1. In square nanometres, what is the average projected area of the Cα convex hull of the stretch 1-64?
2. Would you mind calculating the gained length between Ser186 and Asp15 on full extension (0.36 nm times residue separation, minus the Cα-Cα distance), in nm to one decimal?
3. Need the full-extension length gain, Ala126 to Arg196, defined as separation in residues times 0.36 nm minus the C-alpha distance. One decimal, nm.
4. Could you calculate the contour length gain from Arg217 to Asp64, that is, 0.36 nm times the residue separation minus the distance between their Cα atoms, to one decimal place in nm?
5. Ordered by residue, what ³J(HN,Hα) values in Hz, to whole numbers, does the stretch 131-144 give under the Karplus form 6.51 cos²θ - 1.76 cosθ + 1.60, where θ = phi - 60° and Gly and Pro are x?
6. Under a crude label model (7 Å from the Cα following the beta-carbon direction), how far is Leu4 from Glu39 in nanometres?
7. Which ³J(HN,Hα) values, rounded to whole Hz and listed in residue order, are derived for the stretch 60-68 from phi using the Karplus coefficients 6.51, -1.76 and 1.60 in 6.51 cos²θ - 1.76 cosθ + 1.60 with θ = phi - 60°, glycine and proline given as x?
8. Could you check how much of the accessible area of the stretch 94-134 is carbon and sulfur, as a whole percent, using a 1.4 Å probe?
Amino acid sequence: MALLRERGARVVGLDLRGGEGIVRADVTDRKEVEGAVEEAVGRLGGLDVLINNAGIGRAQDAGDFPGREARRTLEVNLFGAWNVTAAALPRLLETGGHVVNVASGLALASVPFAAPYAASKRALAAYSDALRLEYAGSITVSTVYPMYMKTPIHEVVESQNASLEGLVREEPVERGARAVIVACESRRRDVYTGGRASLELAAARHLPWLVDSYVSRRVAGLASRRDLPTFVRRIAGRRLPPGKLSPLHAFRGK
């Protein structure tokens, strides 16, 4: 928000915790969202750009039944953005406005035990595409793909001993903020956090098997750590039918 204000933008946020410049709202609750959006638009005097950045992350075994936290992840990350967009759309149509949906690099390249988050972000990217097609000529839509950044969203996952640290490359939070600014100013369809991220995600789009192999190698590398992450321990401990090798075992030469 600070970077936007530095560029002369008037900004109002929606969050579970209200405050200065922030309207309180649970993005998963339609009635709360409708009221909050109207209040925000009233404060601003109109609406030119909507940024959907609400998100949570939870670790979940993709082979287990989706639990309450997994469903909550989909509700916040996907349907939260959908709710706010639907509430704001009449105002955006008045101004020929722009929607920025903050997805993730995990929308294209997944990692173990990130199924709820990755699925929600891939679905959010698909929602961006549908919205762009249906309202072409009336509004514009950008999808931003931040890479791994050390933000509070990871605290819960770390408490579950399923941290991404050491598994994927880390980028500074400021780079993600700048990518959102680029999306707002350029209205580009897809926005990445730099040239390297763009190349990595292009590989994830067009050479997914290569990225899967890379992630598997990284997981195998983590297996040598003393504080073995839970997800590595669970992958390594799974029994497979004779003649079948998991990527972890295959890349360790077993």
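The values are calculated or read from the model by the stated rules, or taken from the named source; none is laboratory data. Just so you know, these numbers come straight off a predicted model, no measurement behind them. Virtual Cβ from ideal backbone geometry, glycine too; neighbours counted across all protein chains shown. Surface accessibility is based on the protein's heavy atoms, side chains included, excluding ligands, DNA and RNA. Shrake-Rupley method; radii C 1.70, N 1.55, O 1.52, S 1.80 Å.
1. 6.1 nm²
2. Answer, rounded to one decimal: 59.0 nm.
3. Separation in residues times 0.36 nm, less the Cα-Cα distance, equals 22.9 nm.
4. 52.7 nm
5. 4, 4, 5, 6, 10, 4, x, 10, 9, 10, 9, 10, 10, 9
6. 1.7 nm
7. For the stretch 60-68, the Karplus curve yields 7, 5, 5, x, 9, 5, x, x, 4 Hz.
8. 60 percent
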